[in-house]
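The values are calculated or read from the model by the stated rules, or taken from the named source; none is laboratory data. This structure is a prediction, so every number in the text was calculated from the model and none was measured. Here the Cβ positions follow ideal geometry from the backbone for every residue, glycine too, while neighbour counts run over all protein chains shown.
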Amino acid sequence: LLRFGSHALGQPHERGNEPRTFSFLGFTHYVGRSRRGRFVVGRKTDGKRLGRKLKQLNERLRALRSQGGAAMLAYLTRHLRGHIQYYGVSGNSRALAGYLYQATRL
């Protein structure tokens, strides 16, 4: 069990016993405060998952190059739409924008 919540937010981090973040389902969940100072659980895209997805996207687009630009664009559109629908949660806009930028560069 992890000690994670509003009680963990106000106390100092102790020798690795109480993590302030954990990864689950492709997100890194972290303890934070809202603009009004209340406890919130923030979510951002897990860095390892982000890198892995970009590598897979690059390999897939490389395989589609022989089929032409229209096939690549159709796949990229479907891929990005699915990525935005899954990772488009409150507080994850910076990671989402970074992924979209890197994907369009590929």
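For the range 69-106, a residue qualifies if it is surrounded by 10 or more Cβ atoms within 10 Å (Cβ to Cβ) and either part of a loop (DSSP other than H, G, I, E, B) or among the β-branched types (Val, Ile, Thr) (or both), and the qualifying residues are THR77, ILE84, GLY88, VAL89, GLY91, ASN92, LEU106. Inspect all residues belonging to the range 39-47 and state whether any of them is under 17 Å from ARG105 (Cβ atoms), part of a helix (DSSP H, G or I) and at pLDDT 90 or above. Checking the range 39-47: not a single residue is under 17 Å from ARG105 (Cβ atoms), part of a helix (DSSP H, G or I) and at pLDDT 90 or above.
Exactly one residue out of LEU80, LEU100, LEU61, LEU73 is in contact (Cβ under 8 Å) with a residue 24 or more places away in the chain and hydrophobic (A, V, I, L, M, F, W, C), and it is LEU61. Report whether or not TYR30 is part of a helix (DSSP H, G or I), of a type in the set (Phe, Trp, Tyr) and out of contact with any Cys (no Cβ under 6 Å at 6 or more places or on another chain). In short, no.
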